[in-house]
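Peer 1: One structure coming up, written as C-alpha cells, with questions to follow.
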Amino acid sequence: MRKKRRVQYVNQSKYRTVPKQKISYRPVVMLVVTLVIFLLVQLLTLSVVGTKGAELAQIEDEKVATEERIRQLKGEISKARSLERIETIATQKLGMQKVEEVVYLDGVDTVSSL
C-alpha cells in the first residue's frame, strides 16, 4: 500500500483566499472616452443652434423694420399721387390756373381754324 504524502505549502491558512483576477479597464476607458466625445458634440451642437437662433432673431427684427418702412413708403406714394396734391403743386409752384370752362374739339377742321 502506498503512503499518502502530505504536501505542505508555505502560506497555509484556514481560509482559502481567492486569487486576484486581472481586471481589464479598457471597456471602462472606452466608455468614458465615448461619453466625453458625445458631450463635446452636444455642446458644439448647442452652441451652433444658439448662434443660429440669435441670427434668426436679428433677421426677424430686420424683417419687421423693413415691413414698417414699406408701409410708410406706400403711404407716402399714395399721398404723392393724390389729385389734391397734384393740383396744389400745379397752381402754386408751376403757376397754372384752374380752368373754368372745358372746350372739346371735334375733328381736324376745328383744330385748324383756331
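Quick note: the coordinates plus some simple rules give every number you see, no bench work behind them. Quick caveat, the model's predicted, so the values are computed rather than measured. Glycine also receives a Cβ, built like all others from the backbone with ideal geometry; neighbour counts cover every protein chain displayed.
Peer 1: Scanning for something on the phi < 0 side of the Ramachandran plot, in a loop (DSSP other than H, G, I, E, B) and either surrounded by 10 or more Cβ atoms within 10 Å (Cβ to Cβ) or without any contact (Cβ under 8 Å) to a residue 60 or more places away in the chain (or both), does region 75-82 turn up at least one residue?
Peer 2: Within region 75-82, one or more residues are on the phi < 0 side of the Ramachandran plot, in a loop (DSSP other than H, G, I, E, B) and either surrounded by 10 or more Cβ atoms within 10 Å (Cβ to Cβ) or without any contact (Cβ under 8 Å) to a residue 60 or more places away in the chain (or both).
Peer 1: Read through the list (1) under 50 Å from the mean Cα position of the chain (by Cα); (2) in a loop (DSSP other than H, G, I, E, B), then give the number of the only condition that Thr88 fails.
Peer 2: In the conditions (1) under 50 Å from the mean Cα position of the chain (by Cα); (2) in a loop (DSSP other than H, G, I, E, B), Thr88 misses (2) alone.
Peer 1: So for region 96-105 (the condition being of a type outside the set (A, V, I, L, M, F, W, C) and part of a helix (DSSP H, G or I)), does at least one residue qualify?
Peer 2: No, region 96-105 has no match at all.
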